[in-house]
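A short write-up of the structure that comes next.
The values are calculated or read from the model by the stated rules, or taken from the named source; none is laboratory data. Computed from a predicted model, the values in this text were never measured in an experiment. Because the Cβ atoms are built from the backbone with ideal geometry, glycine has one as well, and the counts that use them run over all protein chains shown.
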Amino acid sequence: MYNAIYEEIKKYDTIVIARHIGVDPDALASQLALRDAIRLSFPNKKVYAIGSGSNKFNHIGRLDKMEKVEHALLIVTDTPDKRRVDAAIFSQFSYMIKIDHHPFVEKFCDIEWIEDEASSTCEMIIDFILNTPLECNSEIAELLYMGLVSDSNRFLFNSCTAKTFSLVSSLLNHYPFKLNEAYQKLYLRPLNEVRLEGYIALHMVVTKNALGYVKITDEILHEFEVDSAAAGNMVNNFNFIQEVLVWVTITEDIKNEQIRVSIRSRGPEIKDVAEKYHGGGHKFASGVKLKTFDEAMELIHDLDVLLTQYHEKKNEEEFL
């Protein structure tokens, strides 16, 4: 797979790298790192990383403005389905490649490299760089490390394997950078975001089945002077509440006329519930975009039912 992708990269003078809508650090870092590695290896190629950015992640890197392209290669990172690809007009491209760590949803590229057991797409890009002649440097390595750390929540998830640590070790050995600076770029936050986190902790509703959720309205976002993306990304800050197995942030996004729902679990697999509402993601980390808070509460009900079934199954197993 490595050689097949590398050979296609060699063929094309113009390469565009896209990823999913609703940018996160793994998606952004994977496309920027791959862009920069190709530019470093092939200085005469035109390589663009495209999509809508987010002020919250400006410290990771900047995207490119791109005019219409012809006879170009499209590489899509961190995106399992065509409808979620940001900014790419598929008819412009002669060949398409997918590099993704989500469970398979649909085939829409000529080459599809999917490793749904990988911690992140950045882990896959590290693997790709270390196994091809593609060049790298410490700046690219730092990008990849930040994306991997973010998607694995600092190596806390079971998606981190011996391979993950081996790849990170090789990356650091070949292209050293300052770990403390990488972590500061990822986790340094303004005081108003910390205060919003306190609001979430105080106002989280917890059901008897260990489902925790909080609704964050546009009014609350304005009160704390944060955007909906910042609020939604706080879902990973509540991983270790003893009384909560599944936790959800429900955030109003007036600008895009939607309700952003982020779901995490330490118990039952929640991806099927997310897919029911036309969202998706991973077994224990998924997201949904809805139109109303009423729809969000229907989803909350389904998650609570899921937890009821989860507890019943656990009790039966203990009884046996």
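Observations
- For region 51-78, a residue qualifies if it is within 19 Å of Asp110 (Cβ to Cβ) and crowded, with 16+ Cβ neighbours inside 10 Å, and the qualifying residues are Val69, Ala72, Leu73, Leu74, Ile75, Val76, Thr77, Asp78.
- In the set Leu148, Leu130, only one residue is within 13 Å of the chain's Cα centre (by Cα) and of a type outside the set (S, T, N, Q); that residue is Leu148.
- Selection from region 254-284 of residues that are of a type in the set (A, V, I, L, M) and either in contact (Cβ under 8 Å) with a residue 40 or more places away in the chain or in a loop (DSSP other than H, G, I, E, B) (or both): Ile254, Ile263, Ile270
- Out of Val226, Val235, Val305, Val244, sole residue that is out of contact with any His (no Cβ under 7 Å at 6 or more places or on another chain), among the aliphatic types (A, V, I, L, M) and surrounded by fewer than 17 Cβ atoms within 10 Å (Cβ to Cβ): Val305
- Region 198-256, residues that are within 19 Å of the chain's Cα centre (by Cα) and small (Gly, Ala, Ser): Ser228, Ala229, Ala230, Ala231, Gly232
- Glu106 meets the conditions (1) within 21 Å of Lys11 (Cα to Cα); (2) of a type outside the set (Gly, Ala, Ser); (3) free of Cβ contacts under 8 Å to residues at least 40 places away in the same chain in every case but one. The failed one is (1).
- Residue in region 286-302 that is within 23 Å of Thr79 (Cα to Cα), assigned to a strand (DSSP E or B) and in contact (Cβ under 8 Å) with a residue 60 or more places away in the chain present: yes
- Output for region 186-225, where each listed residue is in a loop (DSSP other than H, G, I, E, B) and either hydroxyl-bearing (Ser, Thr, Tyr) or closer than 27 Å to Leu303 by Cα (or both): Met204, Thr207, Lys208, Asn209, Ala210, Thr217
- Scope region 5-34; condition surrounded by 24 or more Cβ atoms within 10 Å (Cβ to Cβ), closer than 20 Å to Glu139 by Cα and of a type in the set (D, E, K, R); matching residues: Asp26
- In the set (1) under 28 Å from Tyr187 (Cβ atoms); (2) surrounded by fewer than 21 Cβ atoms within 10 Å (Cβ to Cβ), the condition left unmet by Phe42 is number (1).
- Criterion applied to Val205, Val235, Val305 was being in contact (Cβ under 8 Å) with a residue 24 or more places away in the chain, outside the structural domain of Val23 (by TED's automatic domain parsing) and hydrophobic (A, V, I, L, M, F, W, C), and the one residue passing it is Val235.
- Scope region 79-89; condition surrounded by 16 or more Cβ atoms within 10 Å (Cβ to Cβ) and either outside any loop (DSSP other than H, G, I, E, B) or in contact with a Ser or Thr (Cβ under 7 Å, 6 or more places away or on another chain) (or both); matching residues: Lys82, Arg84, Val85, Asp86
- Entirely in region 90-185, the helices (runs of 4 or more DSSP H) that have 3 or more residues that are of a type in the set (Val, Ile, Thr): 121-130
- Test for Ile125: is it surrounded by fewer than 16 Cβ atoms within 10 Å (Cβ to Cβ) and of a type in the set (Val, Ile, Thr): no
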